[in-house]
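Derivation of every value follows stated rules applied to the coordinates shown; laboratory data play no part. Note that the structure is predicted; figures quoted are calculated from it, not measured. Every residue, glycine as well, gets a Cβ built from its backbone with ideal geometry; the counts of neighbours run over all protein chains shown.
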Ligand code: SF4
């Protein structure tokens, strides 16, 4: 499977170009923003996150905030009561463990140690952990969102029976170091622009020769 993944990356690179390098973001910002993004779109996530950052000076204030008030501030993300609770629980766990609200110590740990630390935090699953690892801590991972899952399934990059967690593990183990961020970027881009959930544009797709779904049509 490693060779097929490699071919998909090469074809995408020829068609989409290399992904632009990104600057690392604050890992706590990523953690909170990803909790806010659960079951909503980018626009609502951004609105809620901006409101939170505007209202509270730092995460100490978010942790100490009245939960109902916090829920009101992040209202636009939907499921705001649950999300307020999750954000405070995750922050509380970090504070109790480290004595401060900072995840930068994980930059010096191995990827697996960092991943296991993150998924033990309340409300944090493999996707959120992988986002924080990749974009906050410089540990290459492949967060599996709806696009990554759908496109990798259709292409046949992972066994059909795999759920998102297994898909993430499989893709990470079968993608060469230095190419994981690229694969993540291409699967999302392809899922948004060509291999959409409804009516994928198979006839125009430059990956059709590699695609299991297309061959089985
Ligand atoms: S051929 Fe169709 S199903 Fe396969 S990757 Fe392309 S758009 Fe998706």
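Remarks
- Taking only Cα atoms of the range 27-137, radius of gyration then Dmax in Å: 13.1, 38
- For peptides 125-133, 181-189, sequence by mean Cβ density within 10 Å, most packed first: 125-133, 181-189
- Additional length obtainable on full extension of the chain from residue 46 to residue 81, 0.36 nm per residue less Cα span: 10.9 nm
- Highest-MSF residue in the chain out of 13, 67, 96 [GNM, Cα springs under 10 Å]: 96
- Only helices enter the 222 nm calculation for the chain: every DSSP H run of n ≥ 4 contributes -39,500 (n - 2.57), and dividing by all residues gives -18500 deg cm²/dmol, rounded to 500.
- Kirkwood Rh, angstrom, the range 12-71 [1 / mean 1/r, Cα pairs]: 13.6 Å
- FRET E, pair residue 72, residue 102, Förster distance 30 Å, beta-carbon r, rounded to 0.05: 0.65
- Angle of helix 146-155 to the longest C-alpha principal axis of the chain, folded into 0 to 90 degrees and rounded to 10: 20°.
- Rounded tilt (10° steps) of 164-173 against the dominant C-alpha axis of the chain: 70 degrees
- Normalised by the number of residues in the chain, the average gap of Cα pairs under 8 Å and 6 or more apart makes the relative contact order 24 percent.
- Summary of packing: across the peptides 137-148, 200-211, the per-residue average of other C-beta atoms within 10 Å ranks them, highest first, as 137-148, 200-211.
- Computed from Cα atoms, the angle from the helix 126-137 axis to the main principal axis of the chain rounds to 80 degrees.
- Convex hull volume of the chain per residue (C-alpha atoms, cubic angstrom): 125 Å³
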